[in-house]
Structures are given as C-alpha cells and as structure tokens.
Amino acid sequence: MHKLLIQLGLRFDDPDEERSFVRSFTLHDLGRTQAAMVLGAFVYCSFSAMDWILSPEAWAVATALRLAVAVLVLLPATLLLTRPGARPFAERIYLVYCVVPGCVLSVIYVFLRPSFDHGAAGLIVVILFVSTLLPLRVPSFAAFAVLTWTCFALFETVAAHDNPGLALVNNAELGAAYALSFYGVAAREFRARRQFRTTQELQVEKERSEATLAELRAAQAQLVQAEKLAALSQLVAGVAHEINTPIGLALTTSTAFDHDLARLRRTIASGQIRRSDLTQSVERLGEGAALVFANLTRAADLVHNFKQVAVDQATEDRRRFEVRSWLVELMSTLDPVLRRKGHEVRLACPDGILLDSYPGALAQIVSNLALNASVHAFEERPGTLDIDITRLGDAQIRMVVRDDGRGIPRENLQRIFDPFFTTGRDKGSTGLGLHIVYNLVVSTLRGQIAIASEEGVGTRVTIELPVTVS
C-alpha cells in the first residue's frame with residue numbers, strides 16, 4: 001500500500017519528510033480549521049429542524065443524539081486541538097470528529113420516519129464537509145468512508161422503508177459522493193505534497209545561497225581590508241623612502257661633526273689654537289647643528305603626519321577637525337608616493353572649514369582617489385591632480401578631485417563603483433578601491449558621490465558631505 005501511495009505521489013519515501021509533511025498539512029491554518037469544526041457542530045445540530053419535519057414523534061430522540069454528539073465529541077475535539085500536546089495527533093482527532101457523527105447519523109435515521117428514504121442527503125452533507133473543510137489525507141478519508149458507509153448500510157437493512165427501491169438509489173448517490181470527494185481529497189493532498197516538496201527544495205536552496213553569500217561577503221570583507229592595507233602600505237613605503245633623505249643627511253652631518261670636533265680637540269691639545277680656527281670650527285658646528293635640526297624636524301613632521309593618518313584610518317573615530325590643516329597632513333604622506341612618479345598635486349581649500357566627521361574614512365577616500373589616479377589615469381606619465389574643497393552653505397562641503405589623465409570609457413562609467421570591476425587586473429588591481437570610496441562616502445559619511453569623465457581629457461569626482469555626520 002505504501003509503495004502504491006508513493007507511486008501515486010501521495011506519500012514520501014523518506015519517513016522524516018513524510019512526518020514533516022503530515023504535521024504541516026494537518027496543522028496548517030489551524031484556526032480556520034477549528035472555526036470550520038465549530039460551524040460543523042452547529043450545522044449538525046441545526047438539522048434537527050429537518051428531523052421535526054420528517055418525523056415529529058421521533059424528534060426528541062434525534063435531537064438528543066445530535067446534541068450528545070456535539071457536546072461529547074465535536075466541541076471537545078475542537079478544544080483539544082488548542083493544546084500543543086494534542087496537535088501531533090491532529091489527524092486522528094479529525095477522523096474521530098468525522099466518523100462519530102457520520103455513524104450516529106445512521107442511528108438517528110433508524111428512529112425517523114420514513115427512515116432512510118432521505119438518509120443519503122444528510123450523509124452527503126457530512127461527506128461534503130469532511131472533504132472540503134478538514135485537512136484529511138487519503139488514508140484517513142478512506143477510513144472515514146469505509147466506516148460511515150458500512151454503518152449506513154448495516155442500519156439501513158434493519159430500517160423500515162416506504163419505498164424499498166430507494167436503498168439502491170441512496171447507496172448509488174453515496175458511492176458517487178464518496179468517489180468524487182475521494183478524488184478531491186487526493187488531488188488536494190497531491191498538490192499540497194508538490195508544494196511542500198517545492199518549498200523544502202527552495203528552503204534548502206535558500207540556505208545554500210545564504211551560506212554562499214555569507215562566504216562571499218566574508219571574502220569581500222577580507223579583500224576590502226586587504227585593499228585598505230595595500231593603500232596604507234603604499235603610504236608606508238612612500239614615507240619610509242621620504243624619511244630616508246633627511247635622516248641620511250642628519251647622519252652624514254653628525255659624522256662630519258665627529259671629524260670637526262676631533263680636529264678641534266687636537267688643535268686645542270697642541271696649544272697652538274688661533275682665533276680664526278676657533279671661529280671657523282664654531283661656524284661649521286653651528287651650520288651642522290642647524291642642518292641636523294632641519295632634517296630631523298622634517299623627518300619628525302613626516303612621522304607625525306603619517307601617524308595621525310594611520311591612527312585615523314585604523315581607529316575610525318569621529319572627531320572635530322579643521323579641513324585644510326588635516327588635508328595638508330594627509331597630502332604630506334601621499335606626496336612621496338605621487339612625487340616619485342612625477343605627479344603634481346594642487347590643493348585649494350579655504351581656512352576655517354570645520355567638520356565633525358570621520359577623518360579616517362575621509363583620508364581613505366582621498367588616498368584611494370589619488371592612488372587610483374596614479375595607477376590608472378596617468379599611464380606612467382606625469383600628471384596633475386587637483387583637490388578643491390568649498391563650502392555649500394552652512395551644512396555641507398563639496399570636494400572635487402580632478403585629474404588630467406586618460407579618462408574613463410563611457411561604457412565603464414556605470415560600473416565604476418561596482419565591487420571587483422577593474423580594467424587593470426593584469427597590474428594587480430582588485431577593483432575594490434572605488435567601491436570602498438563609494439561605501440565610505442554614502443554609508444559612513446552620509447554623503448553623495450558622482451563621477452564624470454571624458455576620454456583623453458580626464459576625470460572629475462564630486463563628493464558632497466555634511467559638515468556634521470548624523
């Protein structure tokens with residue numbers, strides 16, 4: 001039997017899947033089912049009015065039987081489903097709810113006159129209710145049909161008939177009703193099983209897709225972090241190269257110090273020191289000290305500026321800062337990288353513009369735009385990068401970053417901020433630089449960004465930011 005049901009699509013081969021379906025099918029929209037059960041109890045009792053019309057002398061017995069079924073079976077079964085512990089047995093409860101009134105109905109027709117001559121109509125109403133309003137599966141409906149029809153046939157044999165030929169008509173009508181309802185129940189269950197299987201497959205696919213998406217997001221986050229570190233590493237390399245010059249000069253000057261001091265000591269020790277030699281030595285030592293001080297100051301400034309930029313990018317703290325001085329510090333760390341390739345940077349920013357924002361995010365934006373221009377726009381030739389910052393009323397500022405590079409092809413402009421889109425993958429680009437810029441502008445700084453470009457002329461990036469990040 002199980003194999004036949006599996007072949008007909010009315011049973012799952014996997015027991016766990018079958019149990020899951022039965023639980024879902026029988027308990028789906030339980031509130032509506034309970035409301036239908038209450039309505040069924042009311043209708044079952046209301047047919048006592050028909051009993052009065054058919055047989056007034058037997059009305060009291062018929063009504064008592066109907067009320068007993070409603071009070072002792074139908075309503076308790078409905079209330080029982082409100083208990084979570086009873087819900088695993090929901091289909092059995094439905095079956096009892098259906099079979100008892102269907103069988104008792106045959107008992108009622110024994111007392112009525114003209115007895116079973118009108119019995120088929122009443123049982124057909126029960127069949128219609130069971131097949132349309134209760135979530136019975138095919139095996140349960142088959143059990144209901146066998147039990148109620150058998151009971152009907154047995155009591156019909158002991159009942160009196162005004163027209164004996166109606167027994168054949170009654171059973172023919174019941175057979176047709178059972179057959180049609182059986183087909184309806186089977187079709188409903190078949191559709192429910194297909195929908196359940198589709199839902200399960202969609203859920204599995206959804207979980208797989210979510211897991212894949214989580215992995216992709218994790219990989220993207222790692223790549224974004226790597227891109228940020230790559231930009232920072234370029235700054236480190238540039239600053240390190242730049243620091244080498246003043247420190248090297250300071251080291252050379254200190255070596256000359258040792259030589260001049262040793263010569264001065266020998267002269268003093270000989271006792272033949274002249275005023276002119278002493279004056280010349282003091283002047284050389286003073287020049288050397290000034291040179292050492294200037295170079296060490298230059299190195300200290302570079303380290304300080306780089307440290308501030310690195311701390312801002314690492315901590316991502318919000319603070320209040322003056323834009324022009326901050327921008328000068330930032331460009332002093334970018335200058336070694338850009339100047340080594342012959343690029344010129346021109347800044348235009350009025351004094352007194354204060355932002356209550358995230359300097360680390362803003363530094364990442366400017367760094368990525370500058371380094372992106374250095375790699376993609378200038379094609380190994382010297383170029384010019386202009387950074388203009390102006391006020392837009394009291395609440396916003398506008399930053400315009402322009403280059404005179406090769407420009408961006410028109411077909412690429414719509415994808416320029418997409419993650420992993422790059423035309424320089426052969427050069428090691430990941431395609432995340434401008435994507436990071438877009439996210440930082442829109443998500444972190446609550447601003448807007450637009451890009452315009454013309455091939456052979458250059459590219460213009462316009463960023464509008466609030467003075468105070470909300």
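The values are calculated or read from the model by the stated rules, or taken from the named source; none is laboratory data. This one's a predicted model, so the numbers in the text were calculated from it and none came from an experiment. Here the Cβ positions follow ideal geometry from the backbone for every residue, glycine too, while neighbour counts run over all protein chains shown. Just so you know, the surface numbers come from the protein's heavy atoms only, side chains and all, with ligands and any DNA or RNA stripped out. Shrake-Rupley method; radii C 1.70, N 1.55, O 1.52, S 1.80 Å.
Observations
- Helical contribution to [θ] at 222 nm, DSSP H n ≥ 4, -39,500 (n - 2.57), averaged over the chain, rounded to 500: -22500 deg cm²/dmol
- Per residue, the chain exposes 54 Å² of solvent-accessible protein surface, assessed with a 1.4 angstrom probe and all protein chains in place.
- Zone residues, segment 1-40, relative to residue 194, backbone N less than 20 Å from point 7 Å out along Cα-to-Cβ: 4-14, 18, 21-22, 24-26
- Segment 79-98-segment 6-45 distance, computed between alpha-carbon centres (Å): 10
- Within the accessible area of the chain, the carbon and sulfur atoms contribute 60%, probe 1.4 Å, all protein chains present.
- One quarter of the surface of the convex hull around the alpha-carbon atoms of segment 78-205 equals 8.9 nm², the direction-averaged projected area.
- Where GluC sites (Glu not before Pro) in DSSP loops with at most 10 other Cβ within 10 Å are excluded, longest remaining stretch of the chain: 1-378
- The chain - Cys residues lacking any other Cys C-beta under 4.7 Å: 45, 98, 349
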